[in-house]
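Note sheet for the following structure.
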Amino acid sequence: MSVTAIATATPSAIGSFRTRRSTNGVSRFKMSVRSGSVSMAAAPMLTKLQQDCATPLPVLRNVAASMSDDIRAGLAVDGGSDLKMILSYVDSLPTGDEKGLFYALDLGGTNFRVLRVELGGKDKRVIAIESDQVSIPQELMSATSEELFDFIASALANFAHKDGNFPGKKGEIGFTFSFPVKQTSIDSGILIKWTKGFAVSGTAGKDVVACLNEAMDRKGIDMRVSALVNDTVATLAGARYWDDDVMVAVILGTGTNACYVERMDCIPKLQGEFSPSGKTIVNLEWGAFSKGLPLTEFDRDMDAASINPGEQANSSFNIFEKTISGMYLGEIARRALLHMAEEGSLFGKSMPEKLSMPFVLGPYLFRNPTIPNCCRTPDLSTMQQDGTEDLHTVGSVLYNVAGVESNLSSRKTVLEVCDTVVKRAARLAGAGIVGILQKIEKDTKDAIFGKRTVVAMDGGLYERYPQYRRYLKEAVAELLGPETSQNIVIEHSKDGSGIGAALLAATNSKYGRNL
């Protein structure tokens, strides 16, 4: 569906260009007076992109059903599907009865956060939250394991002793560790490999909780990790603390993932090892899902140009993540626009060098100021919020970020490309959510669709991209129908992973409660 068509159906959509001219006249970019026919040659290319990215209801149904099938196969045996279906060992979630002072450490990139959460039970709930963010020096990203964890332990000690608020008893930490690990218990996990620009020696194959606990011992810190989780599991825990109806959590930011509460008797690979609650949280690692996805030549080209050929570049590895998450949407759009510029003269005879910039994979490199950030996902969002009659904001972004001079016709085409890429992404994410819900419902009738069920969402892409949120919710409603979809609440849980990790530290200390 074109931007114009969407605007007709929904007045607030991006195609509804309100009359609001720039008060500054010509901004930093040159207002082109070239003929509006410049982008006409690119029209067939735009049509093909829209056709290749189309997500009609039959496609979404197939994706949802395939997601359900892959979940079952992954629960049956390790390696049974594209989905890893990792057991989190979280079989108790916060209830609101938790009391005391607990900490969270969130390590997932070049910055890490430390939080202190004071819990007051059902009457007072969260009494206070304090947090600090610490940047990891670049040299430590390729240092030894001891050097990195000693730095983290020192920062944690400084934070814990700030204002004299160090707990009287041994401090309990919820450790959110967003790197590939093979979890072996609620408080242990073996690092498979470092990612995101880290190349720390001496950690792969070791228990990351032990590495941190040993560093705290070296620094004389009376604290220990009582829960090791990833950000998605922590988000579910944080949201469940406030709402007992939360069953699923999804992260949609630079990357993406999902988890949900599962009955242990529905996990054959557990082989009868059940906890008293009979339930646990399962981490899908759904970025690897690959079945039934509508792909374009630009998706395949982006795969081939990825930094890890044969791994993350492989079309069967993380292709779902590459079609729905914030790291990649801008790059897909850039490749489509470059093709239209080269083959369809979208921007006239000029061919800006920045628009030809090779794709750079990875959030660390993506933030490197020495690397041009052409067509980032935030730029797509900025352009799609443009309500000026002449699409002044679109022109500014194209010029300032990509060095492109444009006229109104080409700017409209750019918006069509952005909308096409983002609409596909959001609707596929919605289908993935429905696949999880349908799997749970099939095993336990009316457990999901017969009552209010909450899907907790977090991540910058979902939070800051209005069109993405709208398209995702529309897809869920289309798949479930008007009656059933009324019971499904898709709710933003801002920073749920931070408090969630601290809450899991409390739950797995002496305040354990059943799911």
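Here are some notes:
- Whenever a residue of region 90-103 is in contact (Cβ under 8 Å) with a residue 12 or more places away in the chain, its partners that are open to solvent by 20 Å² or more (accessible area, probe 1.4 Å) and aliphatic (A, V, I, L, M), lying with C-beta atoms within less than 7 angstrom and at least six residues away or across chains, give the pairs V90/I186; D91/L515; S92/L515; L93/L515.
One line per residue, one yes/no per condition, for (1) under 27 Å from T254 (Cα atoms); (2) open to solvent by 60 Å² or more (accessible area, probe 1.4 Å); (3) of a type in the set (A, V, I, L, M):
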site: G121; (1), (2), (3): no, no, no
site: K124; (1), (2), (3): no, yes, no
site: M141; (1), (2), (3): yes, no, yes
site: A160; (1), (2), (3): no, no, yes
site: G171; (1), (2), (3): no, no, no
site: T195; (1), (2), (3): yes, no, no
site: A210; (1), (2), (3): no, no, yes
site: K219; (1), (2), (3): no, yes, no
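- If you go through region 221-245 and pick out every residue that is polar (S, T, N, Q) and surrounded by fewer than 24 Cβ atoms within 10 Å (Cβ to Cβ), you end up with 1.
Residue by residue, here is whether (1) touching an Asp or Glu at 6+ places or on another chain (Cβ under 7 Å); (2) among the acidic types (D, E) holds:
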{"residue": "R61", "(1), (2)": "no, no"}
{"residue": "A65", "(1), (2)": "no, no"}
{"residue": "D70", "(1), (2)": "yes, yes"}
{"residue": "G74", "(1), (2)": "no, no"}
{"residue": "G80", "(1), (2)": "no, no"}
{"residue": "I86", "(1), (2)": "yes, no"}
{"residue": "L93", "(1), (2)": "no, no"}
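- S145 vs. criteria in contact (Cβ under 8 Å) with a residue 12 or more places away in the chain, in contact with a strand residue (DSSP E or B) (Cβ under 9 Å, 6 or more places away or on another chain) and open to solvent by 60 Å² or more (accessible area, probe 1.4 Å): no
- Helices (runs of 4 or more DSSP H) contained entirely in region 398-498, each with at least 1 residues that are out of contact with any strand residue (DSSP E or B) (no Cβ under 6 Å at 6 or more places or on another chain) and among the hydrophobic types (A, V, I, L, M, F, W, C): 408-443, 466-485
- Scan of region 246-282 for residues that are among the hydrophobic types (A, V, I, L, M, F, W, C), open to solvent by 10 Å² or more (accessible area, probe 1.4 Å) and not in a helix (DSSP H, G or I), ordered by number: M247, I251, F274
Rundown of residues vs (1) in a strand (DSSP E or B); (2) farther than 24 Å from M141 by Cα; (3) not β-branched (V, I, T), yes/no style:
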site	(1), (2), (3)
K193	no, no, yes
A199	no, no, yes
A204	no, no, yes
A210	no, no, yes
D217	no, no, yes
I221	no, no, no
L228	yes, no, yes
Y241	no, yes, yes
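- Residues that are open to solvent by 30 Å² or more (accessible area, probe 1.4 Å) and among the charged types (D, E, K, R) within region 394-413 comprise E405, K412, listed in sequence order.
The values are calculated or read from the model by the stated rules, or taken from the named source; none is laboratory data. Treat the numbers as computed from the prediction; the structure is a model and nothing was measured. We place every Cβ from the backbone using ideal geometry, glycine too, and count neighbours over all the protein chains shown. We work out accessible area using only protein heavy atoms, side chains counted, and drop any ligands, DNA or RNA first. Shrake-Rupley method; radii C 1.70, N 1.55, O 1.52, S 1.80 Å.
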